[in-house]
Structures are given as structure tokens and as C-alpha cells.
Amino acid sequence: MKNDKTAPSNLGALFNKKDTIIAIVMIAMIAFLWFETTKFEKVPDLFSNNIPPEMFPQILLLIILGMILIIPFEHIFLKKSGKNIDSARSKPVEKSTIGTMIILTAIIASSQLLGAALTIIAVSISLPLYWGERRLKVLISYIIGFPLFVIVLFNIILGVHFEPGLLDLLKN
Amino acid sequence: MEDVAKGLGLLLEFENIILILSGVLIGVLVGALPGLSSPMAIALLIPFTISLDPVAAISMMAALYCAGTFGGSITAILINAPGAPPAVATALDGYPMAKNGEPGRALGLAAVSSVFGGIFSLIIFIFAAPLLAKLALEFGPAEYFGLAVFALSMLASMSGKSSLRNLISGLVGVLIGTIGIHLTTGVERFTFDIPDLEEGIHFVPVLIGLFAVSELFKQSEKLNAIVERIQAKALRLPSLAELKKLKYTILRSSGIGTFIGILPAEGSTVAAIIGYNEARRWSKDKDKFGKGSPEGIAGPEAANNAAAGGAMVPTLALGIPGSGSTALILAALIMHGFRPGPYLISETPEFVYAIFGAMLIANLGFLFIGLIGAKFFSLVAFIPKKLLWPAVFIFSMIGSYSFASSMFDVWVMLAAGLVGYFMDRNGFSAAPLVMGLILGKLVEESFSQSMIIHDNNFFALLESPVVLLFFVLTFLSLSSPFWTKFFSKK
């Protein structure tokens, strides 16, 4: 009975919870990718020189799988050499970081509609405001000055093609 | 010597000099801006250098790399936050010296030691290059495969906390490299019926995402961090008497840095730390270390810049980079149609010497720029993060988009940024993934060719002594954590 009681805590010490989750997710991805390799078009041996297109990815997937199986226990070896794998992830992801990720994803998703110039302006407005920049003079000069600089440098001087997007509609 | 002259001749065009000096300026600026790094700047620069002549493009990036290593010491000295990892040891004595009211002296010591270290390593390379070129005669597909396997094994010690996670990152990079149409058979692999994936995932948006966008996410966690900044009015060059006192420290560290830089996958950071430790060990004033010792600045600075030059040797001669920056320079070389490795030196020696010439100019350039612009660079550190990082994101978007005028690449960049952020939180480094992605095609191609040549008999590869040597080195590299522990116990 005594042994049964201590078993979970020993197991807990053996596995790193976060690394175990990572390992499970990665193993699931490997299984999915392996399945994908079985669906690759079949090529005659003569044509593929006996090296079918799935061979190399499958070798890689197997090696990665072998390494991933060690990940949940790796913290034990790292601790012995004075390294703490949990130091960077001890705190949850900050709200400001999640918000930043959402804003940038939304901007990129709407960039084809907005066009390049408006997308640049959208980034210049939304990120500083979201991050708490409230100095009006600074904001206005940044929102006008920086996109203008970028458009002149990349579109006019370097000749990068900027999609007009909404601006084209307004023009017409 | 004829090749050296030809190489330097390539640089003498006005446009090339301007581009090298721009690289120096960007490098020092990026170094002086906390959070920005040379790999990030090189990643952002790559798409815009496609249309340039390869000499001009690579020279600019090499100059940026050299100057960025020095630039990192500006923030290390003025705000006690190394702008780049190689400057971590410089902060130990640079910041106390700046706090003691001598920021200009600290910057001057860092600049002169960096210049000396950088030039020292370049001279060594000029003599070593012909010997490395002879290696090329021994190389066929099997040898390239052996070399690529060795390069991948070296990813283990590239950066980060865990060798295992570095290797996984590297192999995932190689796996990403298999996406798209298989060159030999024309079969689509991992394309999931998405037309944009047929040509594979290009490394430019991936590396912009991994180096710039993921850093933006990291910086968004500490937007309101307050740092104490010391303003430098001017960079003050050390006197001759002071240089005389420091000559052995600088020479020793330059030697250490060059040697460590040449070792594949050992970068400037390791060199700087060893340079600092050795400076302390040989110093007569050990007590002054940590309180603003000039040797504590000269030692790591000479070592890290010497290592920057030294690291270009395995990058160019073997295709094995020692750091994020050299990995990106390698990527740029491949993009410009070069195949880094032994043939690069034997077939295009003037190109290789031109790169080293550019690094030489860069070393002198950042001393000059530091002399006239120290005050400006110390002010640069005051640019608010809330305005700086949106600008970085805009450059990232334009860089990813302009590469192939494709919005798909912008999505790849964002995805790489998100993946890079979570990788970093969980101890997986980005640099090995990029390296894997860059080396991936070479690994598969040389593997296939070797197997065809040897009738699919893997063990026949070992008949080549060079392949055998690389496999032994791979084994030693992967087992190093065990045998170093074994010997340290003894």
C-alpha cells in the first residue's frame, strides 16, 4: 500500500508534465505525417533509382520520434548539469503577447483587402496603441511619418510592388 | 596572393564600399538597439539583396555581422544589457566602468580590441584558405553527405539549453525542407493539395519569422521594463600606454577567439566567455575584475570579434555555421547560387577573399563610425520599444512579401514567428531549425546520389576515409556530453 501511495509522486518526478504534453503532440504529428508519406504517389523503382520519395522523410520521422521519446525525461539530465528547462515557461504567456498575436494575425488576414499602404498604417496605429503608447504628438508623427518613409523607401526607391487594395476602390 | 588581390579588387567599386559601410552602420545600430540582433537584421536584409551582385550582397551581410558583434557591446556597456549574446562578458566590466563615469573609455577599449581581434582572425584565414581549398579535391557526393551529417550533429551544441532539443529542431528543419515536389521523381510531398506548397517552403520567410517576429512576441512581454541608461558623449580611444598594458590580453584573446570561431558550431559567445576568463586568470589585478577592469573589456571583445571572423571559415569552407548570423549568411550564399563547402574556396577564391576584405573594411569601419557616432548610438537605445517593434514587424512583412510577391509567404512568416516563440519558451532553439532547413536539400540530394553510386549499400559509403572521418566526428560530437562528463569525473 505504501508503495502505491508513493508511486504517483515518483512518476511525477520522472516525467516533466509540460514536456510530456509536447512529446504527445509531436508524436501525434509524426503519426499523421507518416500516414501522409504512405499516400505519396508510387514511382517505379527504375525511375526512382530504388530510392522512393517517401524513404528520406520516413527516416527523418523515425529519428525524430526516437529523440522525442526522451524529451519527457530530459529534465532529469538537464538538472544534473545545472540547467532548468522550465525557467522560460514558468509563467503563463502574458496577455499582452496573446493580444499582439491576435492583432497581427487579424491585420495579415485583412491585408489583401486593405492593401499594403493601409496595412502598414494599421500596424503603426494598432500595436503602439495596444501596447499603451498614449503620447498624442508622438503617435501622430509616427503614424504619418513611418508609413510614408516605408512607402517611399520600398515602393518608390526599391520598386517593391505594393498591392493597392481598398485604396484602388476609393480611387475608382 | 593573386586571388587575394582579385578579391579585394572586387570590393573597390564605389557601390560595394557604400553597401559595406551601410552594413556596418546597420550592424552597429542593430547592436545598439536592445532586443534587435544581427541575425534578425540579416534575415530582414536577405530579400532585398536578391537583386544585388553576390559580392555586394554577401559583403554587406558579412559587414553587418562583424559590426553587430561590436554593436552588441554598446548596450552591454551603457545599459548592462548585451545587445547580442557575444557581448555578455563585456557587460561584466564594461558597465561598471561606464558607471564609474568612463563610458567613452569603455566603448573605446571595446572598439579597439574588437578591431584587433577581427583583423587577427582574417589574417589567419587568408593563410588557411589555400589549405582548405585542397580539401575540395577529396569531395564527392558521399563526402558531402558525410559532411552534412556532421554539420547536423554539430547543431546539438549550437545554442540553447538542450542538445537533444537542438537536434530535434534541426531535423524538423530538414523535414520542412522535404515539403514540395521531389526533384528526382516529381512526386508531391506534404503539399496537402495547397498549390503554394508545391515549390516547398522557402527559408526567407521562415527565418524572418523565427528571428524577427518571434522576438517581437518576446519583447511584447517586457514593454514596460525600465532600464538605467548611461549616455556616452564620445568614444575615447585608449592611449598607447594602455594598449601596451593590454597587448598580451588582446593577443591571447584574439588567438582564443579565432580558434574557437573556426571550430564548427562554436560561436562568438563561447569565445567571449573564455576570453574573459583567460584575461582574468592571467591578470595581475584580478580584484579589479567586475569593477571596471580594462582587461575585462579587452579580453572578451577581442575574442568575440576574432571568433566572428573565425566562424566564417567553417561556414564558407565546410558549410557549417557557428551561429545564427553565419547560418543566415550561408542561406544568402545558397540563395545567390553558391554551394558553401570546400568547392567554394577552390572554385571561387576571389569571391571568398572579397568577403574577407569586406569584413576587414567593416572592422575599420565600425571603429570610425564608433568614433564619430558614439553619442548618437547611445541615444538610439532610447527609442521606445512601443514604436520600434511595430517598425520591425512592418519590415518583416515587406521582406517576406517582396521575396516572391506572395501573401502565402507572409503567412509562413507569421506561423514561423508563433512557432519560434513557443519553441523558445520550451527550450527549442530557432537557429538549428533554420540550419536544418538550409541543409535539408543538400542532405537528401547527397544521400540519394551516394546511394545510387554505391548500389544502395549504405556501408559502402564508409570505404571513403573522408566519410569515415566525418562519421567518427559525428559520433564524437553526439556522444560528447557523456565522454566530457567521464573525463571531468576522472
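The values are calculated or read from the model by the stated rules, or taken from the named source; none is laboratory data. Everything numeric in this text was worked out from a predicted model, so none of it was measured. Ideal geometry is used to build each Cβ from the backbone, glycine not excepted, and the neighbour counts take in all protein chains shown. Side chains are part of the model used for accessible areas, which takes the heavy atoms of the whole protein and leaves out ligands, DNA and RNA. Shrake-Rupley method; radii C 1.70, N 1.55, O 1.52, S 1.80 Å.
The HN-Hα couplings worked out from phi for the stretch B:384-401 by the Karplus form 6.51 cos²θ - 1.76 cosθ + 1.60 (θ = phi - 60°) are x, 4, 5, 9, 5, 6, x, 5, 4, 5, 5, 4, 5, 5, 5, x, 5, 6 Hz, whole numbers, x standing for Gly and Pro. Proximity of backbone amide H atoms, modeled 1.01 Å from N, is registered between B:ARG189 and B:GLY180, B:ILE181, B:HIS182 at under 5 Å, excluding neighbours fewer than 5 places apart on the same chain. In a simple Cβ point-charge model (Lys, Arg +1; Asp, Glu -1; nothing else charged), the stretch B:276-326 has a dipole of about 180 debye relative to its Cα centre. Taking every DSSP helix (H) stretch of at least 4 residues in chain A, weighting each as -39,500 (n - 2.57) and dividing the sum by the residue count yields a mean residue ellipticity at 222 nm of -22000 deg cm²/dmol. Rounded to the nearest 0.05, what FRET efficiency is calculated for A:LEU166 and A:LYS95 with R0 set to 25 Å and r the Cβ-Cβ distance? Given R0 = 25 Å and the Cβ-Cβ separation, E is 0.25. What is the sum of charges around B:PRO205, taking Lys and Arg as +1, Asp and Glu as -1, for the other residues whose C-beta is under 12 Å from the C-beta of B:PRO205? Net of charged neighbours comes to -2. Here the spin labels are modelled as points 7 Å beyond Cα on the Cα-Cβ line, and at A:LYS17 and B:GLU198 they lie 4.8 nm apart.
Rounded to the nearest 20 debye, the dipole size of the protein assembly as shown about its Cα centre is 3400 debye, using +1 on the Cβ of Lys and Arg and -1 on the Cβ of Asp and Glu.
Taking the accessible area of chain B, probe 1.4 Å, and keeping the other protein chains in place, the carbon and sulfur fraction comes to 66%. In the structure shown, do any of B:LYS247/B:LYS286; A:LYS79/B:LYS386; A:LYS95/B:LYS385 have a Cα-Cα gap over 25 Å, and if so which? The pairs that break the limit, which is 25 Å between Cα atoms, are A:LYS79/B:LYS386. Restricting the calculation to alpha carbons of the stretch B:170-328 gives Rg and Dmax of 22.4, 70 angstrom. For the stretch B:339-490, a Kirkwood radius taken over Cα pairs fed into Stokes-Einstein (10 °C, viscosity 1.306 mPa s) yields D = 74 µm²/s.
Using a Förster distance of 25 angstrom, determine the FRET efficiency expected from the C-beta separation of B:GLU15 and B:LEU364, and round it to 0.05. The computed FRET efficiency comes out at 0.85. Taking 19 Å as the straight-line reach from the Cα of B:LYS291, the aspartates and glutamates in range (excluding those fewer than 8 positions away in the same chain) are B:ASP93, B:GLU102, B:GLU228, B:GLU242, B:GLU278, B:GLU301. Comparing B:ALA279, B:SER214, B:ALA416 along the charge dipole axis of chain B, the residue lying farthest to the positive side is B:ALA279, per the Cβ-charge model.
Here chain B has an Rg and Dmax of 22.0, 70 Å, counting Cα atoms alone. When every Cα-Cα distance of the stretch B:334-413 is counted in 10 angstrom steps from zero, the calculated P(r) takes the values 14, 21, 27, 33, 5 percent. Note on the stretch B:265-374: Rg/Rh from Cα positions, Kirkwood definition for Rh, rounded to two decimals, is 1.08. In plain terms, the bigger the Kirkwood radius, the slower the diffusion; for the protein assembly as shown, with that radius from Cα pairs, at 37 °C and 0.692 mPa s, Stokes-Einstein puts D at 127 µm²/s. Legend: distances between Cα atoms for B:LYS245/B:LYS375; A:LYS83/B:LYS222; A:LYS91/B:LYS222; pairs beyond 18 Å are B:LYS245/B:LYS375; A:LYS83/B:LYS222. For the stretch B:85-218, the share of alpha carbon pairs falling in successive 10 Å distance bins from zero is 9, 19, 27, 26, 13, 6, 1 percent. Counted by Cβ distance under 15 Å from B:PHE422, the other residues give a net charge of 0, where Lys and Arg count +1 and Asp and Glu count -1.
Values of log10 I(q)/I(0) for the stretch A:1-134 across q = 0.20 Å⁻¹ run -1.08, by the Debye formula with one identical scatterer at each alpha carbon and no solvent.
With a cut-off of 11 Å between beta carbons, the residues surrounding B:GLY290 carry a summed charge of +2, where Lys and Arg count +1 and Asp and Glu -1. When the charge dipole of the stretch B:333-490 is built from unit charges on Cβ atoms (+1 for Lys and Arg, -1 for Asp and Glu) and taken about the Cα centre, the candidate among B:ALA430, B:VAL467, B:HIS336 whose Cα reaches farthest toward its positive end is B:ALA430. Calculated [222 nm] ellipticity per residue, helices only, for chain B: -23500 deg cm²/dmol; basis is -39500 (n - 2.57) per DSSP H run with n ≥ 4, divided by all residues, nearest 500.
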